[in-house]
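Okay, so here's the structure we're looking at.
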């Protein structure tokens, strides 16, 4: 059995097989050669894994983000944030952080934010005197906030795997996301002062009002999504569906930027992306079922808690594990594979599963831009047309900021749990 659960997956990964094939082949081999379980159980578990109401939110959020990303929404959000920032030193870089956070509150897909905000901001950052190394690092790293600030697709997957409340985890992600955004803003302001980079135009109430009116349609999306969820008007899945209707109305009838052909193209792109996600969900879930049947989570919990490690050192070991996994595996696959193993372990030492969900999400957000295989790196290279070496060198200061934030979020649970209490009580 160790061959099917350990050696075969590792061998297939090293050979470059897609993750869903690695998982499916391992489960098939285990059922055929090592277990007395009929093969129809594999089919039932595969289809049962995607038969979950919470998963309906995934294509809806992707579709809303696709619609908003095809028009001038990003440019309007950038204009709104830039008008509010005013003449602060490093205002363009601060605008990049704020715009990415706002766009993430619409799409929830990190790569989409890197591509959309990157196209809008790189020319402005160059004109403002920022080196390409800094700009590339900022644009690549800042998109990772989008899976921490709700709505977040990885958070939905964690709740599915750990049997937790999506609204509660969404609420818990607000303060950690704002903490990261604040730390990034503080760094870019310090960087601008140190390198003599000036600020933008002086704040003008008239200009800010004009930018607000121009971006009102775009700003309405996160208000409707998050306000509706935290206000108890609708569930996250219903909020995602409402966001799609709102995005079509804004893009088609308010901004008049998209035709029905464009909307159908967005739907087609959403279907492809959703299919890629759900096949990973199904195969990861059946692999997790196989691990559970073979008592792997229980054995792992007993092994790790046996030496009586203090909770802080156990959390440190888990963080290191997640950071390493995040360098080589996409967040959705990592969450679906590791959550069933790690959640019983951390609950046994008194860690709130919602707090742990934020720890997992922040860890895997770092993997999105961590060299050498972070997906945001390759998206940035494609969109920004910059060498990988430039992007790698630019990422390093932002990587350190995320690691410091991860430490704070890990060892100060109130950063996550306080916002969950405030928003849902």
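Each value in this text was obtained by applying a stated rule to the coordinates, not by laboratory testing. As the structure is a prediction and not an experimental result, all values here were calculated from the model. Cβ coordinates were reconstructed from backbone atoms using ideal geometry, including for glycine residues, and neighbour counts include every protein chain displayed.
What residue among 181, 348, 192 has the largest mean-square fluctuation in a Gaussian network model of the chain, using Cα springs under 10 Å?
Ranking 181, 348, 192 by mean-square fluctuation puts 348 first.
If packing is taken as the average number of other Cβ atoms within 10 Å across a peptide's residues, how do 284-294, 229-239 rank, most packed first?
Working: 284-294: 20.1, 229-239: 17.3.
Answer by packing, highest mean first, reads 284-294, 229-239.
Out of 30, 243, 57, any idea which swings most in a Gaussian network model of the chain, alpha carbons joined below 10 Å?
Among 30, 243, 57, the largest mean-square fluctuation in the Gaussian network model of the chain belongs to 30.
GNM, the chain, Cα, under 10 Å: largest mean-square fluctuation among 170, 402, 187?
Its mean-square fluctuation being the largest, the pick is 187.
Can you grab the distance from the C-alpha centre of region 120-135 to the C-alpha centre of region 375-399, Å, no decimals?
So the two Cα centres are separated by 13 Å.
Answer rounded, prolate or oblate for region 211-297, using the Cα gyration tensor with square roots of eigenvalues a ≥ b ≥ c: rounded when a/c is under 1.5, else prolate when a/b is larger than b/c, else oblate. It would help to have the intermediate numbers written out before the result.
On the way: a/c = 3.93, a/b = 1.85, b/c = 2.13.
Note, shape of region 211-297 comes out oblate.
Using only DSSP helix segments of four residues or longer, with each worth -39500 (n - 2.57), what per-residue ellipticity at 222 nm results for the chain after dividing by its residue count and rounding to 500? Working shown, then result.
Working: 22 runs with 321 residues, N = 425.
For the chain, the value works out to -24500 deg cm²/dmol.
How high is the relative contact order of region 51-424, in percent, counting Cα pairs under 8 Å that sit 6 or more residues apart?
Details: 563 pairs, mean separation 104.5, N = 374.
Normalised by residue count, the contact order of region 51-424 is 28 percent.
Taking Cα centroids, how far is region 30-102 from region 184-243 in Å?
Spelled out, the Cα-based centre of one part sits 18 Å from the other.
Just check region 152-248 against the gyration tensor rule for me: Cα atoms, a ≥ b ≥ c as the square roots of the eigenvalues, rounded for a/c under 1.5, and otherwise prolate or oblate depending on whether a/b exceeds b/c. Kindly include the intermediate steps, with their values, before the conclusion.
Numbers: a/c = 3.33, a/b = 1.50, b/c = 2.23.
The shape class here is oblate.
What label, among (1) 37, 24, 21; (2) 30, 29, 21; (3) 59, 22, 14, belongs to semi-axes √(5λ) of the Cα gyration tensor in Å computed from the structure on display?
Given (1) 37, 24, 21; (2) 30, 29, 21; (3) 59, 22, 14, the structure-derived one carries the label (1).
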